[in-house]
Amino acid sequence: AAAPPVLAAHGLSAGYGGAPVVRRLDIQVRAGEVVVLLGPNGAGKTTTLLALAGALAPQAGEVHWAGSATAAPLHRRARSGLSLVPEDRSVIMSLTVRENLRVGRCDPALALATFPELAEHLDRRAGLLSGGQQQMVTLARALARRPTALLADELSLGLAPQIVTRLLTAVRAAADEGLAVLLVEQHVRSALTIADHVHVLRHGRLAWSGTAAEAEANRDAVASAYLPLA
Ligand code: ATP
């Protein structure tokens, strides 16, 4: 039998005080698994991540974390191994890469184990790095905490395809070591190459769910039905 999920939404509805933005979601993320959440702008992908991470309280339904229902806020879920990488890159531009890692209590050696190419930039200010290199710092810092689950919102936003592949390869490698991953991605093709399961959100509801192979086989249908330009 499959291992129980590390993180799960059960009938989860969430929003910002008015009508729910996402409704009755059922999503499960297991150790070693990459689950990708696709969908057009405004579909509710970020809202879903925030609710799963504890930054937004559910309006209905439940979030299960490490085997039980939780209402713990983000900082407590973070302390127990849930890592949220939000859409805005959270590097401090005026600090060096090394200082950024220190602020995140990240051992540079661990960061370099993930992205050796950062070695030559350790003493450069983050503001002088490319967007891709900044995102490597963000991701390395998140992974160095050895989280149980990683929730990442559009890691690859605005980045060149080669860098997207590099970042997603690192995410896949971490999953292969046991990390549970939920990724929001606009780069459908790249995302499918590392995904195990795929969900497509549309108007706040799960419009399509399946394995990555099923999504690949139905790529055109999935993409043309639910995504703007995939
Ligand atoms: P995008 O790709 O544009 O980030 P998304 O799928 O992540 O889209 P969300 O950011 O979850 O979508 O937004 C879904 C809906 O919730 C949108 O209609 C948005 O206007 C609304 N929304 C997002 N954040 C807030 C907020 N802080 N307060 C009120 N409404 C919000």
Selected residue (only one of 81, 54, 104, 67 is under 12 Å from residue 151 (Cα atoms), more than 16 Å from the ligand (Cβ to nearest atom) and in contact (Cβ under 8 Å) with a residue 24 or more places away in the chain): 81
Residue within region 153-176 that is on the phi > 0 side of the Ramachandran plot, at pLDDT below 95 and within 16 Å of the ligand (Cβ to nearest atom) present: yes
Residue satisfying all of: in region 125-153; among the β-branched types (Val, Ile, Thr) and in contact with a strand residue (DSSP E or B) (Cβ under 9 Å, 6 or more places away or on another chain); farthest from residue 111 (Cα to Cα) among these: 148
Residue tally, condition touching a Pro at 6+ places or on another chain (Cβ under 9 Å) and loosely packed, with under 14 Cβ neighbours inside 10 Å, over region 56-88: 4
Those residues of region 1-18 which are modelled with pLDDT of 95 or more and either away from the ligand (no atom under 16 Å from the Cβ) or surrounded by fewer than 22 Cβ atoms within 10 Å (Cβ to Cβ) (or both), in sequence order: 5, 6, 7, 8, 10, 11, 13, 15, 16
Tally of residues being aliphatic (A, V, I, L, M) and at pLDDT below 95 across region 38-54: 2
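Going by the conditions given, is residue 91 at pLDDT below 95, touching a His at 6+ places or on another chain (Cβ under 6 Å) and either crowded, with 19+ Cβ neighbours inside 10 Å or closer than 22 Å to residue 194 by Cβ (or both)?
no
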Hits in region 204-230 - residues which are hydroxyl-bearing (Ser, Thr, Tyr), exposed (fewer than 15 other Cβ atoms within 10 Å of the Cβ) and at pLDDT below 65: 224
Out of 25, 37, sole residue that is crowded, with 17+ Cβ neighbours inside 10 Å and closer than 19 Å to residue 171 by Cα: 37
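Can you list the strands (runs of 3 or more DSSP E) lying wholly within region 1-114 that have 2 or more residues being within 17 Å of residue 182 (Cα to Cα)? Let's see the steps before the verdict.
Working: elements: 7-14, 22-29, 34-38, 60-65, 68-70, 82-85.
The qualifying strands (runs of 3 or more DSSP E) are 7-14, 22-29, 34-38, 60-65, 82-85.
The values are calculated or read from the model by the stated rules, or taken from the named source; none is laboratory data. Given the structure is predicted, the values throughout are model-derived calculations rather than measurements. Glycine gets a Cβ as well: all are built from the backbone with ideal geometry, and neighbour counts include every protein chain shown.
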